[in-house]
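Encoded as structure tokens, the structure appears first; notes follow it.
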């Protein structure tokens with residue numbers, strides 16, 4: 001401290017002298033009601049929230065270009081299959097009218113048929129739209145039913161635990177030990193094939209995987225503090241399962257559901273390829289692929305590629321979406 005400052009602070013004997021600390025004092029108090037200016041956060045500082053959970057998930061999802069391409073592809077395929085027939089009119093339900101018409105069979109692309117015609121004279125482009133409707137309906141409906149039942153089954157099994165959980169899981173183990181395609185073939189042969197039956201048959205095997213996944217999630221969630229608090233407050237078991245356990249497993253449910261749609265489309269294609277798909281004149285991409293294989297052996301190579309390309313494109317797009325949703329939900333959970 002400088003000498004003059006020291007002498008000024010010392011003052012006369014017996015006199016209380018207050019030091020001049022004006023330069024080191026904080027600024028004046030702000031008026032009542034005024035808000036302080038936002039503090040700058042240094043690197044590694046606290047995380048600042050920049051929106052709700054859905055906005056944050058969407059931001060991470062959009063950053064994945066493959067996922068965006070996959071989403072656009074799925075939207076395009078849905079419009080192609082369900083809106084396309086409104087603009088591209090073809091006969092896909094009356095084979096007798098096709099036989100009586102002048103439409104050539106196994107015609108190459110061109111002459112009013114951009115993708116040619118099949119062995120019955122159906123326009124392949126229109127057939128893709130018509131068959132795609134069945135494939136997408138079965139895929140999404142079977143995945144929804146299977147995921148819904150699997151989530152409830154797994155949550156109930158994991159929540160109660162004990163011998164009840166062991167009994168329910170042994171049922172799942174038995175069904176998983178049977179080859180899925182073999183089980184589907186048996187069910188498709190026993191029952192009369194129809195669109196509703198295909199949905200139920202594929203949903204019958206689609207719930208097994210989500211059931212085991214949600215059961216594992218429930219085993220960890222049921223011991224959390226908020227679940228124990230609901231129990232202490234007298235909350236019912238049904239409320240705990242449907243209001244706390246299942247909503248907190250939504251990340252696993254959503255991600256698995258996207259893969260279930262892809263698996264359902266592939267299973268329907270496999271059944272159609274084996275001749276156990278939808279009965280004629282109905283069709284799906286698997287049945288078209290099977291017929292295209294036979295036609296390709298006879299030299300009509302152009303009939304095998306359209307259905308196969310649609311199956312591959314849709315399944316790959318759904319896998320891209322599932323991967324991006326998993327990354328988005330994991331980021332949300334890590335930043336909470």
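Maximal additional length on extending the residue 223-residue 197 stretch stands at 5.4 nm, based on 0.36 nm per residue less the C-alpha distance.
Please list 180-187, 212-219, 266-273 highest first by mean number of surrounding beta-carbon atoms within 10 Å per residue.
Values: 180-187: 15.1, 212-219: 20.4, 266-273: 23.1.
The peptides rank, most packed first, as 266-273, 212-219, 180-187.
Given a Förster distance of 56 angstrom, what is the FRET efficiency for residue 163 paired with residue 316, based on the Cβ-Cβ distance and rounded to 0.05? Step by step, r from the Cβ atoms, then E = 0.85. If R0 is taken as 30 Å, the Cβ-Cβ distance between residue 82 and residue 177 corresponds to a FRET efficiency of 0.20. Its relative contact order, with pairs defined as Cα atoms under 8 Å and 6+ residues apart, puts region 115-335 at 28 percent. Taken along the Cα-to-beta-carbon direction at a fixed 7 Å, the label points for residue 170 and residue 305 span 5.5 nm.
Please say if region 115-335 is rounded, prolate or oblate, where rounded means a/c under 1.5 for a ≥ b ≥ c the square roots of the C-alpha gyration tensor eigenvalues, and otherwise the choice is prolate for a/b larger than b/c and oblate otherwise? Because a/c hits 1.5 or more and a/b exceeds b/c, region 115-335 counts as prolate.
A short reminder: the numbers here are calculations on the coordinates, not readings from a lab. Keep in mind it's a predicted model, so treat the numbers as computed, not measured. Glycine also receives a Cβ, built like all others from the backbone with ideal geometry; neighbour counts cover every protein chain displayed.
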